[in-house]
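Chemist: Below: one structure in structure tokens.
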Amino acid sequence: MLYGATGSLDLIEVTRAAASGNVNQIVLVFGVVFIVAGLAFKLGAVPFHMWVPDVYQGAPTAVTLLLGGAPKLAAFAICFRLLVEALLPLAFDWQQMLTVLAVLSMAIGNITAIAQTNIKRMLAYSTISHMGFLLLGLLAGVVNGNLFSAANAYSSTLFYVITYVMTTLGTFGVIMLLARSGFEAESMDDFKGLNQRSPWFAAVMLVLILSLAGIPPLMGFYAKLSVLQAVLGTGQLWLAVVAVLFSLIGAFYYLRVIKLMYFDEPQDTSKIIAYADVHVLLSLNGLGVLVLGLWPGLLMDASTTAIVRTLTAFLSRVLS
């Protein structure tokens with residue numbers, strides 16, 4: 001098993017196995033700063049987040065859905081390949097950078113989202129805060145110079161990003177559903193009275209929003225819990241406490257959407273008509289978030305298997 005194989009694998013051994021010739025450590029760390037900055041820009045993490053709210057709000061909802069979906073999985077893969085596989089001996093350096101980026105992303109993302117009146121812009125700042133959680137998982141893989149916690153931390157991060165993608169796709173799907181010819185549902189007020197117009201789609205949106213907020217027993221709760229457990233494994237209790245506090249702040253703007261859907265009068269009283277394929281896809285998305293929340297072990301086991309195989313192949317190449 002990887003846990004036993006990597007538990008005693010010190011980063012010095014990896015460094016000796018991978019190094020060839022003398023390396024200027026200062027220059028190397030300076031280069032890592034630029035690499036981390038590029039990855040943070042790709043993720044939309046603070047302080048490289050300035051493009052995310054404008055793009056999410058300005059682009060058509062269908063384009064925003066694409067930007068908030070699969071590219072996040074690709075971004076996780078890039079971070080894993082560059083930081084874990086390529087720059088593992090420098091883990092101590094990039095972990096410090098990720099800590100700062102994670103805290104700033106959770107803080108600015110959650111606090112700024114409260115003031116938003118545009119649903120897409122609000123979800124953009126929500127994305128920034130979620131990327132902070134993703135960075136927490138990435139920085140928790142190396143503890144005290146060994147990889148004993150790597151499989152748990154990185155599989156939790158993969159589980160988290162898959163959860164985020166599923167909920168985001170469904171959320172933007174509902175936003176697209178509310179759009180009409182020549183009109184995109186972008187204002188928070190467009191969600192007023194959604195339960196009166198379509199109880200089923202209001203229920204789907206309710207499940208997705210609660211998952212994004214990390215409310216049990218939905219999969220978003222277990223995604224955050226698994227990342228927090230990985231962070232606690234590093235001994236950084238303060239970092240887990242900060243993450244929980246900002247998650248509580250983030251719950252406010254998620255609950256505001258629920259309040260609009262169920263307790264406000266609709267501005268548009270027309271019934272929502274959806275094509276059969278749209279109805280089925282959104283329903284499956286909402287049910288998937290609920291089912292994987294009740295039985296998170298299904299996805300977590302798959303994530304762990306993928307990460308263990310990847311790490312095993314990587315360490316085999318390094319030590320061969």
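The values are calculated or read from the model by the stated rules, or taken from the named source; none is laboratory data. As the structure is a computational prediction, the values presented were derived from the model and not from experiment. A quick note on method: Cβ atoms are made from the backbone with ideal geometry, for glycine too, and the neighbour counts reach across all protein chains shown.
Residues are listed down the side, and each one gets a yes or a no for (1) of a type in the set (Phe, Trp, Tyr); (2) within 19 Å of Leu210 (Cα to Cα); (3) without any contact (Cβ under 8 Å) to a residue 24 or more places away in the chain; (4) in a loop (DSSP other than H, G, I, E, B):
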position	(1), (2), (3), (4)
Ile273	no, no, yes, yes
Val280	no, no, yes, no
Gly286	no, yes, no, no
Leu290	no, yes, no, no
Leu298	no, no, yes, no
Thr304	no, no, no, no
Ile307	no, no, no, no
Thr312	no, no, no, no
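Chemist: When the residues of region 102-121 are narrowed to those that are surrounded by 24 or more Cβ atoms within 10 Å (Cβ to Cβ) and under 15 Å from the mean Cα position of the chain (by Cα), which ends up nearest to Gly250 (Cα to Cα)?
Modeler: In this case the residue turns out to be Asn110.
Chemist: Just one of (1) modelled with pLDDT under 90; (2) over 26 Å from Leu158 (Cβ atoms); (3) under 27 Å from the mean Cα position of the chain (by Cα) trips up Asn24, so point out which.
Modeler: Just one mismatch for Asn24, condition (3).
Chemist: Could you give me the residue pairs with C-beta distances under 8 Å whose first residue belongs to region 128-142 and is without any contact (Cβ under 8 Å) to a residue 60 or more places away in the chain and among the hydroxyl-bearing types (Ser, Thr, Tyr), whose second residue is in a helix (DSSP H, G or I) and crowded, with 24+ Cβ neighbours inside 10 Å wherever it lies, and which are 6+ apart or on separate chains?
Modeler: Listed pairs, sorted by first residue: none to list.
Chemist: Any chance you could count how many residues in region 120-153 are assigned to a loop (DSSP other than H, G, I, E, B) and at pLDDT 90 or above?
Modeler: Step one: list which residues in region 120-153 are assigned to a loop (DSSP other than H, G, I, E, B), which gives 140-142, 144-145, 147-149.
Retained after the next criterion (residues that are at pLDDT 90 or above): 140.
Summing the residues that are assigned to a loop (DSSP other than H, G, I, E, B) and at pLDDT 90 or above in region 120-153 gives 1.
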